[in-house]
Amino acid sequence: MEPEYRYFSPNRLAGTGRQFQLWFSEMRSYRIRFSVAIFLMEILLFTGCSDIFVKNINDSAIDNLAPSLGWTTYNPKVNFSWSSVEGATSYSFQLASPSFNAQHELVRDTVLVNNKLTLTLKEGTYEWRVRAVNSAYFTGYSTGSVTILPEIDISQQRINLLQPTADQLLLQSFVNFSWDQIQGAQYYILRIKKGSWNSTSLLEQRVYKNSYATNLDDGNYTWGVSGVDTLRHKNSDFAIGTFTVNKDAPLQTKLIAPSNKDTLKINYIQFFWSKPENALNYNLEVYSDAMLTTLVQTRQTTDTTTILNISSNGQYFWRVKEIDPRNNTSSYSSVSTFCILVKTIVSLTDKVVVLSSPGSNSYLTTSHTTFWWEEVSGADKYQLQVVSPDFSHSQSLVVNESLTGTTFSADLPSGSYQWRVKAFNSASSTSYTTSNFTIYKSDITSQLVSLITPVDGSSLNLATVSFQWNPIAGADYQFVLKKGPWDTGTEIQRKKVSTTSIDFALTDADYTWGVKAIDKIDGSETNFSVRSLSVDRVAPLIPTLVLPENNTIINSGQVSFQWKATDQADKDLTFTLDVYKQSGATSVLVVHQILTGTLYNFNYSGSGTYFWQVSAKDKAGNISDFSNLNMVNLIGNSLTDKVVTLKAPYSGFESSVSEVTFWWDAVPGAESYQFQLVKPNFNQPEVLVKDVSMTSNQVTIQLASGTYQWHVKATNSTSESKYSDVFTLVIK
């Protein structure tokens, strides 16, 4: 097929050469059009017809790219080349990283006359393309790619040997050797020597993968592997290992305890391992490092357990090998690790808790607050306290928590706060570290002022009453005090304050008081928080003693003291009852009771002369004087004629439940009870199961199967009753 040509025109002058283009552009800039025309005519006269036609290369292709797609190399110096295209006057070369579709960097964009180019590139992936160009046509792009791998010095790498493991005992002659591959190695040199590494090689083999297998006789061996980089003419040092081939060696033992990765909180460690067949002696080794280079302790024993004292905290590694009666030695067991963590209590007195958040004098706009501080070495717990507004003028203890961690979250209302943390352990503690912060949210309309004192409905006997409430950040307060109910009472005080407390002198009466918050910035208000109180500074009348009357004699073992409020209008009274017993020239207080009722039953055991009196206290805390002392003569209660009545379990009771509760009626005047339980009966007792004195009238006991008998007697300081009837029970 004849090539397509295009007729030369003045607009195609660029095709005659780059120098002509520059010259022609300069001529046009000076607008010397006439000279240009003459020049063009001279060209037409002195060049052949073929020189003004340009070959169409649109359908041509560039091939034989080097480097081609997917080429990788360690050499940063890359030679780019491609086949020439007939009719091309130049080549457009472009290089991008990592590719033209995901272009991060256009590394090179140039026009070349030649079909080759040498560049030095950084480590990374590149895509390159080239197309042929003439004055009228251009081919499509042909594309290649190249990856520059990181520079690798194989001499600085170390091969990790896998099998056989260090000092492994092999029970068969067929040995598999394997190791981890290293970068840059084209092949490996494997050497096997009988005896030490300094002896003559038994085998030296070039290996193109990372494993090799061969048969070996019984004996001790040393083996090593080196990686070879033929591109850089370097090799790694030999990684060396040892192993033993002994087809008659005893089997490997298995480690039992401490279990792998166990944490122990003691220093005396007991080791256990299995007993393989024909094992005679064992060699235990404990190391402080995973490479088994630092031997901490070793122990030779004929038993499969031993105890070592390891005094230092840390991680340890242990293994065992055994020796049979023919002095054959097994390979070491697998290595197991454990950690000793015996806690040492340190003094915290000189240490400081560093508070992290909220920062000092910080300003928070959300109520959810996370407290965070740095850990103190040696601390078991931390005490976190948060108050409002500060510890010097604490109005509210918001948080008081003992924590094991170093964070705590709480939802707090707006206000000023102070928080502090101290660390402590069983022996000492740090001092508190304190910081301030403020929570402020501008919309307070949905909030209510939290009133503190006086509590709602309280009755006070104070001349001056202190009113207190919790703060709301950024707010002033409107305080209102009324005599009578809130809705209908008479307002006697209204005051706007910036503090959270106010004091007033009040007369005896019923009151209500309320506080609302007013935002200092936008004037928004909360609703009133309201409470009631009463002021009463008049003490109640002295109570009237009712029974027993003065100089009464009682011999029943129990006396009931009874009184009444002198003024029946006094409500919500509490009473203090004191009972004294005459002892020579002095009186001994035997009863002191705070009571809401007007009756108290007193069980007594000893005879004597007693005196009693009562005072009254009202809701406001006003206390009356004590009443006059009434005397009562109490005659000791004899238990001789009394009998304890057994209640449960009933006689003849049978049960499969081993826990049994024994119960009997209380005896007036009794101070204690003697409980006896035998097996099988009191006539021919085999076991005295229980013989105990107790003040309670019931006892619960766990019993084994069998037949039992029990009885009870009552005692006091002067007498005792006979034993009760005997009850029998059977536990199946």
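Using every pair of alpha-carbon atoms in the range 154-245, split the distances into 10 Å bins beginning at 0 and state the percent of pairs per bin, rounded to integers.
Result, from short to long distances: 18, 52, 25, 5, 0 percent.
Going out from 0 in 5 Å bins, what whole percent of all Cα-Cα distances in the range 255-340 drops into each bin?
Whole-percent P(r) values from 0 Å outward: 3, 15, 28, 26, 16, 8, 4, 1.
By count of other Cβ within 10 Å, fewest leading, how are 304, 645, 512 ordered? Each step should come with its number before you reach the end.
Numbers: 304 17, 645 12, 512 20.
If I rank by nearby Cβ atoms, fewest first, I get 645, 304, 512.
How many nm is it between the label spots at residue 238 and residue 277, if each spot is 7 Å from the Cα in line with the beta carbon?
Once both label points are built, they end up 3.8 nm from each other.
Cα centroids of the range 121-155 and the range 376-450: how far apart, whole angstrom?
Here the two parts' Cα centres lie 65 Å apart.
How far, in degrees from 0 to 90, does helix 33-46 lean away from the longest principal axis of the Cα atoms of the chain, to the nearest 10?
Long axis of 33-46 versus the principal axis of the chain: about 60 degrees.
Give me the extension gain from residue 648 to residue 118: residue separation times 0.36 nm, minus the current Cα-Cα distance, reported in nm with one decimal.
Once the chain is fully extended between residue 648 and residue 118, it gains 179.9 nm.
Label the range 220-372 by shape, choosing from rounded, prolate and oblate, from the square roots a ≥ b ≥ c of the eigenvalues of the Cα gyration tensor; if a/c is under 1.5 it is rounded, and otherwise prolate applies when a/b is larger than b/c, oblate when it is not. Working shown, then result.
On the way: a/c = 3.55, a/b = 1.64, b/c = 2.17.
Oblate.
Report, to the nearest 10°, how far helix 18-29 tilts away from the longest principal axis of the Cα atoms in the chain, using its own Cα long axis and a range of 0 to 90°.
Roughly 80 degrees between the two axes.
Which whole-number percentage describes the relative contact order of the chain, with Cα contacts under 8 Å and a sequence gap of 6 or more?
Reported relative contact order: 6 percent.
Find out how many positive minus negative residues lie around residue 726, taking Lys and Arg as positive, Asp and Glu as negative, among other residues whose Cβ is under 15 Å from that of residue 726.
Summing Lys and Arg as +1 and Asp and Glu as -1 gives +3.
If we count every other residue with Cβ under 11 angstrom of residue 457's Cβ, Lys/Arg +1 and Asp/Glu -1, where does the sum land?
Neighbour charge sum, excluding residue 457 itself: -1.
Considering only the other residues whose Cβ falls under 12 Å of the Cβ of residue 331, what net charge follows from Lys and Arg at +1 and Asp and Glu at -1?
Once positives and negatives cancel, what remains is 0.
Output the Kirkwood hydrodynamic radius of the range 355-439, Cα pairs only, in Å rounded to one decimal.
Value: 13.0 Å, from the Cα pair sum.
Evaluate 2.2 N^0.38 Å with N set to the residue count of the range 589-732, then give the Cα radius of gyration divided by it.
1.45
Need one word for the range 457-498: rounded, prolate or oblate. Basis is the Cα gyration tensor (sqrt eigenvalues a ≥ b ≥ c); a/c below 1.5 gives rounded, then a/b vs b/c decides.
Working: a/c = 2.17, a/b = 1.41, b/c = 1.54.
Oblate, because a/c is 1.5 or more while a/b does not exceed b/c.
Arrange 723, 221 by Cβ neighbour counts within 10 Å, fewest through most, would you? List each step's numbers first, then the result.
Numbers: 723 15, 221 22.
Taking fewest neighbouring Cβ atoms as first place, the list is 723, 221.
Sort 694, 631 by Cβ crowding within 10 Å, fewest neighbours at the top.
694, 631
Hey, could you pull the Cα Rg and Dmax for the chain, both in Å?
My reading of the Cα-based Rg and Dmax gives 52.1, 163 Å.
When the helix-only estimate is applied to the chain (DSSP H runs of n ≥ 4, each -39,500 (n - 2.57), divided by the residue count), what is the mean residue ellipticity at 222 nm, nearest 500 deg cm²/dmol? Write out the running numbers ahead of the final one.
Details: 2 runs with 26 residues, N = 732.
Roughly -1000 deg cm²/dmol at 222 nm, from the helical runs in the chain.
Between the range 578-633 and the range 469-532, what is the C-alpha centre distance in whole Å?
Comparing the Cα centres of the range 578-633 and the range 469-532, I get a distance of 45 Å.
As I understand it, the dipole of the chain uses +1 on the Cβ of Lys and Arg and -1 on the Cβ of Asp and Glu, about the Cα centre. Which of 550, 359, 296 lies farthest toward its positive end?
The residue sitting farthest along the positive end of the dipole is 296.
Charges only on Cβ, +1 for Lys and Arg, -1 for Asp and Glu: so what's the dipole of the range 92-140 about the Cα centre, in debye to the nearest 20?
Values: 5 positive and 4 negative charges, 36 e Å.
Value, rounded to 20: 180 debye.
How far apart, in nm, are two points set 7 Å out from the Cα along the Cα-to-Cβ line at residue 411 and at residue 372?
Inter-label distance under the simple model: 2.2 nm.
Dividing the alpha-carbon radius of gyration of the range 544-634 by 2.2 N^0.38 Å (N being the number of residues), what value is obtained?
Values: Rg = 13.4 Å, N = 91, 2.2 N^0.38 = 12.2 Å.
Output field value: 1.10.
Test of understanding: what is the full-extension gain from residue 166 to residue 504, defined as 0.36 nm times their sequence separation minus their Cα-Cα distance?
Taking 0.36 nm per residue and subtracting the Cα distance, the gain is 112.7 nm.
Just list whichever of 679/713; 564/642; 209/254; 209/275 have alpha carbons separated by over 29 Å in the model shown.
564/642; 209/254; 209/275
Straight-line reach only, C-alpha to C-alpha below 27 angstrom: list the lysines that residue 496 could link to, leaving out same-chain residues fewer than 8 apart.
Leaving aside lysines fewer than 8 places away in the same chain, those within reach of residue 496 are 441, 482, 483, 516, 520.
Compute the distance in nm between two label points, each set 7 Å from the Cα along the Cα-to-Cβ direction, one at residue 585 and one at residue 403.
6.5 nm
Would you kindly calculate the mean projected area, averaged across all directions, of the convex hull enclosing the Cα atoms of the range 478-601, in square nanometres?
Projected over every direction and averaged, the Cα hull of the range 478-601 covers 12.9 nm².
Bear in mind that the values in this text are calculations on the coordinates, not laboratory data. Just so we're clear, the structure is a prediction, and the values are computed from it rather than from any experiment. Ideal geometry is used to build each Cβ from the backbone, glycine not excepted, and the neighbour counts take in all protein chains shown.
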